[in-house]
Amino acid sequence: MQGPGDFRKNALLGLLPEEELNRLLPDFERVTLTLGQSLCEAGQVMKHVYFPLDSIVSLLCVMEDGASTEIAVVGYEGVVGVSLFMGGETTPSRAIVQSGGQALRLKGHLLKNEFYRAGPMQRLLLRYTQALLTQMAQTAVCNRHHNLDQQLCRWLLLSIDRLPNNELIMTQELIANMLGVRREGVTESAGKLQRAGLISYHRGRINVLDRPGLEERVCECYAVVKEEYDRLLNQQNVM
């Protein structure tokens, strides 16, 4: 099994004290997540939780007619599977891999056992859950009150914050599904950003060329989410 250094690529695990992390090492499995892979369907009890290293997972709400909207993204800063340790066991959302890569997988019952020990892992997971709820709430506000250009900027910034570089492999159709809008709207908004020199888009690859420019155009929702994550998951505040 990989050593502690590999685990610390996940910021949440990286906040654990050394002795706690070493104790948990044998229980983790490194797995590869592929684009479009489903980690959990609505109403399904997850058998594992996932701590992304360089991958991104989208949490989606899906309607009866198949339409979907992203309610949160999880990357190296977090964990997929909060319903397991929060006691609900299931959730009405789907967990779909948005950007492929590596993750650390842990059996669900082992995470629950660790959570109920009421040690450092419990405190971390509770703080992370509060940050995740903030992201979900702010996403709902953004989808209701801000235009598609601002929503796309927010989505791009949240995504590249969770990647080792500024490139996303994502079609406009998939982005439209994430944002719950028509593909034509994403095409128009992405075109504006490309003409402004903020991004380049070619054959399903989006490169962010001017991050400060995106931050100037984005609504306040991005900063609210980022600041709450930074506040709650800060080494000085957690332990």
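Any residue in the stretch 12-35 that is under 17 Å from the mean Cα position of the chain (by Cα), in a strand (DSSP E or B) and closer than 27 Å to Ala118 by Cα?
Within the stretch 12-35 (the criterion being under 17 Å from the mean Cα position of the chain (by Cα), in a strand (DSSP E or B) and closer than 27 Å to Ala118 by Cα), the answer is no, since none of the residues qualifies.
Residues to consider are Met136, Met121; find the one that is surrounded by 20 or more Cβ atoms within 10 Å (Cβ to Cβ) and part of a helix (DSSP H, G or I). Before you say what the answer is, go through the steps one by one.
On the way: Met136 fails: surrounded by 20 or more Cβ atoms within 10 Å (Cβ to Cβ).
Every option except Met121 fails the conditions.
Would you check which residues across the stretch 189-231 are part of a strand (DSSP E or B) and among the basic types (Lys, Arg) and list them?
As a first pass, look at the stretch 189-231 and keep what is part of a strand (DSSP E or B): 199-202, 205-208.
Listed by number, the list holds a single entry, Arg205.
Name the single residue that is surrounded by the fewest Cβ atoms within 10 Å (Cβ to Cβ) among those in the stretch 107-118 being in contact (Cβ under 8 Å) with a residue 40 or more places away in the chain and under 14 Å from Gly87 (Cβ atoms).
Across the stretch 107-118, the extreme among qualifying residues is Gly108.
Of all residues in the stretch 146-161, which are assigned to a helix (DSSP H, G or I) and closer than 19 Å to Ala196 by Cα?
Taking the stretch 146-161 and keeping what is assigned to a helix (DSSP H, G or I), we get 148-160.
Residues satisfying the conditions are Leu148, Asp149, Gln150, Gln151, Leu152, Cys153, Arg154, Trp155, Leu156, Leu157, Ile160.
Look at the stretch 41-60 and say how many of its residues are aliphatic (A, V, I, L, M), part of a loop (DSSP other than H, G, I, E, B) and farther than 18 Å from Thr90 by Cα. Give the derivation first.
Of the residues in the stretch 41-60, the ones aliphatic (A, V, I, L, M) are 42, 45-46, 49, 53, 56-57, 59-60.
Retained after the next criterion (residues that are part of a loop (DSSP other than H, G, I, E, B)): 42, 45-46, 53.
Filter once more, so that each one left must be farther than 18 Å from Thr90 by Cα: 53.
The number of residues fulfilling the criteria is 1.
Given the condition at pLDDT below 95, part of a loop (DSSP other than H, G, I, E, B) and crowded, with 22+ Cβ neighbours inside 10 Å, answer yes or no: does some residue in the stretch 80-91 qualify?
Of the residues in the stretch 80-91, the ones at pLDDT below 95 are 81-91.
Then keep just the ones that are part of a loop (DSSP other than H, G, I, E, B); that gives 81, 87-91.
Those left that are additionally crowded, with 22+ Cβ neighbours inside 10 Å: 81.
Checked against the condition, which is being at pLDDT below 95, part of a loop (DSSP other than H, G, I, E, B) and crowded, with 22+ Cβ neighbours inside 10 Å, the stretch 80-91 yields at least one hit.
The values are calculated or read from the model by the stated rules, or taken from the named source; none is laboratory data. These figures come from a predicted structure and were not determined experimentally. Cβ sites come from the backbone with ideal geometry, for glycine too, and all protein chains shown count toward neighbours.
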